[in-house]
Amino acid sequence: MKQSSDKMKIAYRNRKGDTFYLHVGKTKAGRDKYYFSKKPEENVAYDFPQGHEIYENPNAQVFLRKITPRIVSREEENLVRAGVERYSSVKNFKIDVRKETIYIHIAGDSEAELTRDLGMPNLFKGNEALLQKMLHYTPVLLFKLVDEEKRLFITKRFCFRGAIDDWIEISGEDTLEKLVKKFVRHLGKESFYELI
């Protein structure tokens with residue numbers, strides 16, 4: 001994920017190794033509108049707009065967004081990451097922080113499922129980069145800060161039932177450490193779908 005300049009063009013290489021170029025267009029009101037594209041041709045931006053940053057989401061899509069004050073601390077983000085590594089069996093996951101919410105995304109397909117579906121059992125042997133390029137991540141669990149002073153969070157899981165397909169709250173307010181320990185162990189297991 002390197003930010004670089006290619007003949008003054010603003011370029012960003014995501015975790016999959018794809019290079020995106022910043023472009024600028026106009027809104028109907030005549031204001032500048034920025035977006036990323038893999039094509040380094042028309043409307044390429046040569047200046048980076050002040051007060052903005054490059055954001056790469058868990059599926060390696062690249063956007064330009066306004067810089068906003070951080071509500072969730074880096075320590076809290078790292079606590080969730082360490083909790084997933086310690087308490088769950090899930091190996092392929094991404095943490096994404098937006099405003100007051102920490103999202104856990106997990107890969108929809110495992111390495112075994114991908115090799116089976118592609119009919120190539122040794123495709124990823126010794127090639128972690130290729131595996132990471134093919135994985136697609138889905139948000140499944142979140143911790144939302146609801147009391148900034150006391151640093152209390154609630155937990156929600158995504159419900160994949162056709163009639164719901166939405167976030168459902170599965171905890172009351174508590175410390176992030178307790179919630180992480182209680183819920184991340186269910187990631188990737190059948191028990192996850194029983195959390196209510």
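Just a few scattered comments:
- Count of region 183-193 residues which are over 22 Å from the mean Cα position of the chain (by Cα) and within 17 Å of Ile102 (Cβ to Cβ): 0
- Only one entry in Val80, Val90 is surrounded by 12 or more Cβ atoms within 10 Å (Cβ to Cβ) and either in contact with a Cys (Cβ under 7 Å, 6 or more places away or on another chain) or closer than 14 Å to Leu145 by Cα (or both), namely Val80.
- Given (1) crowded, with 17+ Cβ neighbours inside 10 Å; (2) modelled with pLDDT of 95 or more, index of the condition Leu114 fails: (2)
- Test: residue in region 39-48 that is among the basic types (Lys, Arg), closer than 29 Å to Lys133 by Cβ and without any contact (Cβ under 8 Å) to a residue 40 or more places away in the chain: yes
- Check on Gly188, in a loop (DSSP other than H, G, I, E, B), within 27 Å of Lys16 (Cβ to Cβ) and modelled with pLDDT of 70 or more: yes
- Residue check for Arg65: within 30 Å of Val180 (Cβ to Cβ) and part of a loop (DSSP other than H, G, I, E, B): no
Conditions tested, residue by residue: (1) over 18 Å from Leu141 (Cα atoms); (2) at pLDDT below 95; (3) in contact with a helix residue (DSSP H, G or I) (Cβ under 8 Å, 6 or more places away or on another chain); (4) in the same structural domain as His136 (by TED's automatic domain parsing).
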{"site": "Thr27", "(1), (2), (3), (4)": "yes, yes, no, no"}
{"site": "Arg31", "(1), (2), (3), (4)": "yes, yes, no, no"}
{"site": "Tyr35", "(1), (2), (3), (4)": "yes, yes, no, no"}
{"site": "Pro40", "(1), (2), (3), (4)": "yes, yes, no, no"}
{"site": "Val44", "(1), (2), (3), (4)": "yes, yes, no, no"}
{"site": "Asp47", "(1), (2), (3), (4)": "yes, yes, no, no"}
{"site": "Asn59", "(1), (2), (3), (4)": "no, yes, no, no"}
{"site": "Leu79", "(1), (2), (3), (4)": "no, no, yes, yes"}
{"site": "Arg86", "(1), (2), (3), (4)": "no, no, no, yes"}
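- Some residue of region 43-60 being more than 19 Å from the chain's Cα centre (by Cα), part of a strand (DSSP E or B) and either at negative phi or β-branched (Val, Ile, Thr) (or both): yes
The values are calculated or read from the model by the stated rules, or taken from the named source; none is laboratory data. Everything quoted here is computed from the prediction, not taken from an experiment. All Cβ positions, glycine included, derive from the backbone under ideal geometry; neighbour counts span all protein chains shown.
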